[in-house]
Amino acid sequence: MRVVVGVGGGIAAYKTASLVRLFTEAGHDVTVVPTESALAFVGKATWEALSGKAVRTSVFEAVETVNHVRLGHEAELVVVAPATADLLARAAGGHADDLLTNALLTARCPVLMAPAMHTEMWRHPATQANVATLRSRGVVVMDPAVGRLTGKDSGPGRLPEPEEIFAAALALASQRRTDDGGPAEGGPLAGRRILVSAGGTREPIDPVRFLGNRSSGKQGAALARAALRAGASVTFVAAHLDVPPPPGVELVTVETAVELRDAMVERVAAADVVVMSAAVADFRPAHRHDSKIKKRDDVPDAPIELVRNPDVLAELVRLRNAAGGGQVIVGFAAETGDDGADVLEYGRAKLERKGCELLVVNEVGADRVFGLDENSVTILAKDGSEPQHVAGSKDDVAAAVVVRIARELDAR
């Protein structure tokens, strides 16, 4: 894939060197186009060494090739990192005063911009208006990460990690998917078989009522889409969903935790990766009534006796280990903190207890995660590597999880 990597004039430009390396090591043809101010932070020699190509900033260089138009026309993906407040403003205003802004105006491919600036600049109404303008034109503008900035202050404005930008860029390059929505050609999961569970299980009380949860299935559907874009074949075991299942998957529908357990156990041996993103009910009614329970004033309300559902994630890990299989198993933990521990402490304990390779942890509640289009998670790894925080759309989160899965497979 022909990728143009634009670099804005911010100190976070040093991180973009790692992003360029991720693209080149994945076999992509990369042209780096910095602004003049970006070269004050990272020089031409670095970009040329990493990309293997000459680096230019002006429309008056390589004029004989009509370079200021050719770059945008030939690009299959444009990624700008860091996208400074000034660069966002110039892009939104349609400026064409250097090579990068010319490439942005002539590009007809997907464009991803990863902002980085101080919190006050990001929150300023002018910047927010520019971001809204770019998004309305189809440009994907990532939300900045939250963390330590250049000085002593912290907040939103930090450049997302290169791996997160790379994952989001691969997810955006959706043109590489086949017309029927099936697996893309190539990609970090090409030839792999991925088993994904999604949605919330429902445990019947009677023909009308059930015990359920708030899961919409949006994150699981995003994971299936991201795996398809990365080249995998996807089996999608769906409990209740508020969204349609992604086209191109092998769809298996279930309702209860026991049905989901049976579907996953039946298919786990054929999978290279298992992603347990479904919200599985911990309990179910001990007895299901064949007719609707009537509300009556002359008799007391009968309590609903509960029994535990199977621990599907732990069972899949046990089956894998007993069979000597090499599947990568990814769990999800929707957690709430309390006086005993915070969300990540509960997540680490669950990772150790379940035995999976990766655990994606998010804090949940009535106004968090469930049903929303945005998510904020921390990816914990069994190998003890540094936790990875990912925030953004659920597609952004899914893309980052897929890249982390690919790294886990490569390590094997």
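The values are calculated or read from the model by the stated rules, or taken from the named source; none is laboratory data. Since the model is a prediction, treat every value here as computed from it, not as a measurement. Quick reminder, even Gly has a Cβ in these numbers, built from the backbone with ideal geometry, and neighbours come from all protein chains shown.
Could you pull out the residue among 274, 258, 237 that is of a type in the set (Val, Ile, Thr), modelled with pLDDT of 95 or more, part of a helix (DSSP H, G or I) and assigned by TED's automatic domain parsing to the domain that holds residue 402?
Values: 274 fails: part of a helix (DSSP H, G or I); 237 fails: part of a helix (DSSP H, G or I).
258 is the lone residue from the list that is of a type in the set (Val, Ile, Thr), modelled with pLDDT of 95 or more, part of a helix (DSSP H, G or I) and assigned by TED's automatic domain parsing to the domain that holds residue 402.
Any idea how many residues of the stretch 326-361 are surrounded by fewer than 16 Cβ atoms within 10 Å (Cβ to Cβ) and not charged (D, E, K, R)?
Count: 6.
Would you mind stating whether residue 20 is surrounded by fewer than 19 Cβ atoms within 10 Å (Cβ to Cβ) and in the same structural domain as residue 145 (by TED's automatic domain parsing)?
no
Do you know which residues across the stretch 319-336 are more than 25 Å from residue 402 (Cβ to Cβ) and either at pLDDT 90 or above or not assigned by TED's automatic domain parsing to the domain that holds residue 375 (or both)?
322
Applying the selection to the stretch 277-289, what residues are under 20 Å from residue 333 (Cβ atoms) and either touching a helix residue (DSSP H, G or I) at 6+ places or on another chain (Cβ under 7 Å) or part of a helix (DSSP H, G or I) (or both)?
Hits for the stretch 277-289 are 277, 278, 280, 281.
Give me the pairs: first residue in the stretch 43-71 and touching a residue at least 12 places away in the same chain (Cβ under 8 Å), second residue in a helix (DSSP H, G or I) and hydroxyl-bearing (Ser, Thr, Tyr), beta-carbon distance under 7 Å, and six or more apart or on different chains, which are they?
Between residues of the stretch 43-71 that are touching a residue at least 12 places away in the same chain (Cβ under 8 Å) and residues that are in a helix (DSSP H, G or I) and hydroxyl-bearing (Ser, Thr, Tyr), the close pairs are 50/24; 51/24; 69/106.
Hey, can you tell me all the residues within the stretch 118-158 that are closer than 29 Å to residue 69 by Cβ and assigned to a loop (DSSP other than H, G, I, E, B)?
Of everything in the stretch 118-158, those that are closer than 29 Å to residue 69 by Cβ and assigned to a loop (DSSP other than H, G, I, E, B) turn out to be 137, 138, 139, 142.
Restricting to the stretch 86-118, name every residue that is surrounded by fewer than 19 Cβ atoms within 10 Å (Cβ to Cβ) and more than 27 Å from residue 154 (Cα to Cα).
Matches in the stretch 86-118: 93, 94, 95, 96, 97, 105, 106, 108, 109.
Within the set of pairs 6 or more residues apart or between chains, which connect a residue that is over 20 Å from residue 375 (Cα atoms) inside the stretch 122-150 to a residue that is outside any helix (DSSP H, G or I) and of a type in the set (Ser, Thr, Tyr) with Cβ atoms less than 6 Å apart?
Hits for this filter: 148/154.
In the stretch 117-138, is there at least one residue being modelled with pLDDT under 90 and within 30 Å of residue 189 (Cα to Cα)?
For the stretch 117-138, residues modelled with pLDDT under 90 and within 30 Å of residue 189 (Cα to Cα): present.
One residue is enough: does the stretch 67-83 have a residue meeting the conditions out of contact with any helix residue (DSSP H, G or I) (no Cβ under 9 Å at 6 or more places or on another chain) and at negative phi?
There is at least one residue in the stretch 67-83 that is out of contact with any helix residue (DSSP H, G or I) (no Cβ under 9 Å at 6 or more places or on another chain) and at negative phi.
Applying the selection to the stretch 342-376, what residues are at pLDDT below 90, assigned to a strand (DSSP E or B) and under 18 Å from residue 222 (Cα atoms)?
Of everything in the stretch 342-376, those that are at pLDDT below 90, assigned to a strand (DSSP E or B) and under 18 Å from residue 222 (Cα atoms) turn out to be 362, 368, 374, 375, 376.
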